[in-house]
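This report refers to the structure that appears directly beneath it.
The values are calculated or read from the model by the stated rules, or taken from the named source; none is laboratory data. Everything numeric here is computed off the predicted structure, so don't read it as measured data. We place every Cβ from the backbone using ideal geometry, glycine too, and count neighbours over all the protein chains shown. Just the protein is used for accessible areas: all its heavy atoms, side chains included, with ligands, DNA and RNA removed. Shrake-Rupley method; radii C 1.70, N 1.55, O 1.52, S 1.80 Å.
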Amino acid sequence: MPELVAAVNLSEGRDARTLEAIGRAAGGRLLDVHADPEHHRAVMTVLVDDGAAALFALVAEAFSRLRLDGHDGVHPRLGVVDVVPFTPLLPAAPLDALAMAPLDEAVTARDGFARRLAAHFSVPCFLYGPLGRGTERSLPEIRRRAFRELAPDLGPDAPHPRLGAVCVGARRTLVAYNVQLATGDLALGQRLAAGLRSADLRVLAFRLERGVQISFNLVAPWRSGPARAYDAVAAAARQAGTSVVGAELVGLVPRAVLDQVPPDRRDALGISLDQTIESRLAGAAQHPAR
């Protein structure tokens with residue numbers, strides 16, 4: 001059973017053929033693709049094999065096809081391969097095990113992968129997660145400080161002119177989750193997002209064509225899962241005179257996170273059994289790559 005999974009965040013969410021070609025480079029190790037044209041971003045979930053060969057092939061293909069210059073989209077980004085987090089893969093684990101997952105293997109994989117990217121492509125790499133000697137760095141910190149107060153950990157000191165930079169991380173399970181509001185008032189959405197932020201909830205507001213989206217990173221989903229995030233937005237929206245009109249999961253979740261959501265609420269919360277790591281692993285085992 002594979003021990004790590006990586007959720008590759010790409011700065012491309014509109015060209016289906018390009019995304020298909022990039023995903024194909026990982027072969028049977030690709031578990032999921034979630035693309036969003038307004039964010040102009042895609043998340044590809046990849047099983048990490050020995051040496052991270054499939055993951056490296058996918059990133060190399062993305063580097064060959066994508067350009068950061070001229071890129072637009074509402075989501076912040078530092079590079080065409082913006083974020084590559086390594087996460088322990090714990091299929092069928094109980095919820096409390098997600099909170100206690102050891103990160104040693106993820107850190108080793110992160111560091112080796114970042115060194116390889118910097119050496120092969122001359123692209124700056126920033127590391128996040130545990131950095132040793134009891135220190136940690138978060139992804140939001142890199143976004144705030146990169147190339148101003150914070151130099152890359154590996155590679156050149158300036159962004160690659162076409163590829164930008166890569167944030168390579170080691171972390172426990174994180175859930176990316178979006179809740180859609182009925183309003184198009186971005187200032188209102190930003191006020192709601194600010195009021196919802198906590199140690200467990202990283203929150204941004206984006207103005208999309210269909211209205212304002214409240215976008216979460218649930219960094220401790222064993223405490224604050226999709227249902228809690230959805231209910232918090234719904235309550236805040238009601239108080240502000242608007243409402244929630246939809247929600248979506250970005251990428252995959254462990255089954256233990258899904259099991260927190262009552263079955264009769266899953267459709268409304270935009271989450272289903274097919275979006276679990278365990279479901280995709282079972283599918284990959286039944287249909288291995290040829």
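Worth pointing out:
- When its C-alpha radius of gyration is set against 2.2 N^0.38 Å (N residues), region 1-110 gives a value of 1.10.
- Residue-averaged 222 nm ellipticity for the chain, from DSSP H runs of 4+ at -39500 (n - 2.57), nearest 500: -9500 deg cm²/dmol
- At full extension, His71 and Arg223 could sit 51.1 nm farther apart than now, given 0.36 nm per residue minus the alpha carbon distance.
- Rounded percent of accessible protein surface that carbon and sulfur make up, region 173-290, 1.4 Å probe: 49 percent
- Positive minus negative residues near Leu30 (Lys, Arg vs Asp, Glu; Cβ under 11 Å): +1
- GNM result for the chain, Cα springs below 10 Å: residue of Val179, Val261, Val83 fluctuating most strongly: Val261
- When both bridge partners sit in the chain, DSSP labels roughly 80% of those beta bridges antiparallel.
- Under Karplus coefficients 6.51, -1.76 and 1.60, residue-wise ³J(HN,Hα) of region 147-157 in Hz, glycine/proline x: 6, 10, 9, 10, 7, x, 6, 9, x, x, 7
- Compactness of region 74-206 as Cα Rg over 2.2 N^0.38 Å, two decimals: 1.18
- Between Leu4 and Val48, Leu89, the built amide H atoms are under 5 Å apart, and every one of these is 5 or more places off in sequence or on another chain.
- Between Gln239 and Ala101, the contour length at 0.36 nm per residue exceeds the Cα-Cα span by 45.9 nm.
- Alpha carbon centroid spacing (whole Å) that separates region 129-206 from region 1-35: 20 Å
- Under 5 Å from the amide H of Leu31 lie the amide H atoms of Thr45, Val46, Leu47, each residue being 5 or more positions distant or on a separate chain, with H modelled from the backbone and absent for Pro and chain starts.
- Here the Karplus curve 6.51 cos²θ - 1.76 cosθ + 1.60, taken at θ = phi - 60°, turns the phi angles of region 254-264 into couplings of x, 4, 4, 6, 4, 5, 5, 8, x, x, 6 Hz, with x standing for Gly and Pro.
- Proximity of backbone amide H atoms, modeled 1.01 Å from N, is registered between Val253 and Thr276, Ile277 at under 5 Å, excluding neighbours fewer than 5 places apart on the same chain.
- Between Asp259 and Asp157, the modelled labels are 5.2 nm apart [label points 7 Å from Cα along Cα→Cβ].
- Residues Leu273 and Glu20, FRET efficiency given R0 of 35 Å [Cβ-Cβ distance, rounded to 0.05]: 0.90
- Highest-MSF residue in the chain out of Arg202, Arg77, Arg17 [GNM, Cα springs under 10 Å]: Arg17
- Heavy atoms of the protein chains alone define the surface here; on that basis the chain has 45 Å² accessible area per residue at 1.4 Å probe size.
- In this structure, Arg144 and Ala284 have a Cβ-Cβ separation that, at R0 = 35 Å, corresponds to a calculated FRET efficiency of about 0.40.
- Phi-based couplings in Hz for region 36-50 (Karplus 6.51, -1.76, 1.60; Gly and Pro marked x): 9, x, 6, 5, 6, 8, 9, 10, 10, 8, 10, 6, 8, 8, 4
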